[in-house]
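S.K.: Sharing a structure, written as structure tokens. Questions coming.
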Amino acid sequence: MTTRLIEVSNTGSGIATITLSWPERRNALSIAMRDQISDALDDLAKDETLKVVVLTGSGSVFSAGFDLREFSSDDPDVRDRLWPSSDRFHHTVLRFPLPVVAGINGPALAGGFDLAVLCDIRIASTAATFAHPEQAFSDVVYGPLHDLVGGAAARYLAMTGYRIDAEEALRIGLVSEVCIPELLSSRLTEVATDIARAPREALIRTKAKVLRRLDISSETPTLDL
């Protein structure tokens, strides 16, 4: 039996929520979790009543990034699935045809930082922090971050691995709002409700414009983003 690492709530109100639910592993983006997020988004894209998705984390961390244990695994199945799963995950989040709002409840690190960046709107709790610690040993996903905050800030974050807090993230335009942790859930609901007032067809067209502006091929592998 496959362990569920995410929770999906879709009440039919036009708003669905995906919650990363592996707090004991700091919501690490393992192959299994990435595939579950991708599958959930593929399913939600088929819902003709849906208008917006909220994506957030459980516990005190948004996501600490990829599960590093898988990179050192000797299991050939893990090795074979590692990058195809990553490529699918990044593009499924980025190319979801409707708005995706990230509710960043705590640290968003490495791949968790990327996940927040791949969403359309980011609302952070004051407990949120952002960093690319993998800068010390691996490539960093750069392009989508550059599109959000510009070259100077993106290079600073990608090349140093420095951690910034929510207020600094707000200052550089990485997040749109910051609120205290106790208000994050209600604020996410308010923003999603405001988005959902728009016609679905208009939201789809706007998201398509966003993707055209990014000019990122759907064939681009993770390490070339």
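S.K.: Quick one: grab the alpha carbon gyration tensor of region 34-117, order the square roots of its eigenvalues as a ≥ b ≥ c, and give me rounded if a/c is under 1.5, else prolate or oblate depending on whether a/b is larger than b/c. Display every interim value, and only then the final one.
M.R.: Values: a/c = 2.57, a/b = 1.35, b/c = 1.90.
The shape class here is oblate.
S.K.: Work out the FRET efficiency for LEU214 and SER176 from their Cβ-Cβ distance, taking R0 = 22 Å, and round it to the nearest 0.05.
M.R.: Efficiency computed from Cβ-Cβ geometry: 0.80.
S.K.: Another one. Rg over Rh of the chain, using C-alpha atoms and the Kirkwood radius, what does it come to?
M.R.: On the way: Rg = 16.4 Å, Rh = 17.5 Å.
On the Cα set of the chain, Rg over Rh gives 0.94.
S.K.: Treating only the Cβ of Lys, Arg, Asp and Glu as charged (+1, +1, -1, -1), what charge dipole size does the chain show about its Cα centre? Round to the nearest 20 debye. All intermediate terms of the calculation are to be shown ahead of the outcome.
M.R.: Details: 23 positive and 31 negative charges, 123 e Å.
Dipole size: approximately 580 debye.
S.K.: Just to confirm the filter: which chymotrypsin sites (Phe, Trp or Tyr not before Pro) across region 58-145 are DSSP coil and have at most 16 other Cβ within 10 angstrom of their Cβ? Please list the in-between numbers first.
M.R.: Working: sites: PHE62, PHE66, PHE71, PHE89, PHE113, PHE130, PHE137, TYR142; in loops: PHE62, PHE137, TYR142.
Those satisfying the criteria are PHE137.
S.K.: Mind checking the dipole of region 64-180: about its Cα centre, +1 per Lys or Arg Cβ, -1 per Asp or Glu Cβ, Debye to the nearest 20?
M.R.: Details: 9 positive and 16 negative charges, 55 e Å.
Roughly 260 debye for region 64-180.
S.K.: Same structure, new question: Counting only GluC sites (Glu not before Pro) that are in a DSSP loop and have at most 16 other C-beta atoms within 10 Å, tell me the longest site-free stretch of the chain.
M.R.: In short, 49-218.
S.K.: For region 65-120, with the dipole built from +1 on Lys and Arg beta-carbon atoms and -1 on Asp and Glu ones, taken about the Cα centre, which of TRP83, PHE96, PHE66 lies farthest toward the positive end?
M.R.: Checking the options against the dipole of region 65-120, the answer is PHE96.
All of the numbers you see were taken from the coordinates with simple rules; none came from a lab. Everything numeric here is computed off the predicted structure, so don't read it as measured data. FYI the Cβ positions are ideal-geometry reconstructions off the backbone, even for glycines, and counts take in every protein chain you see.
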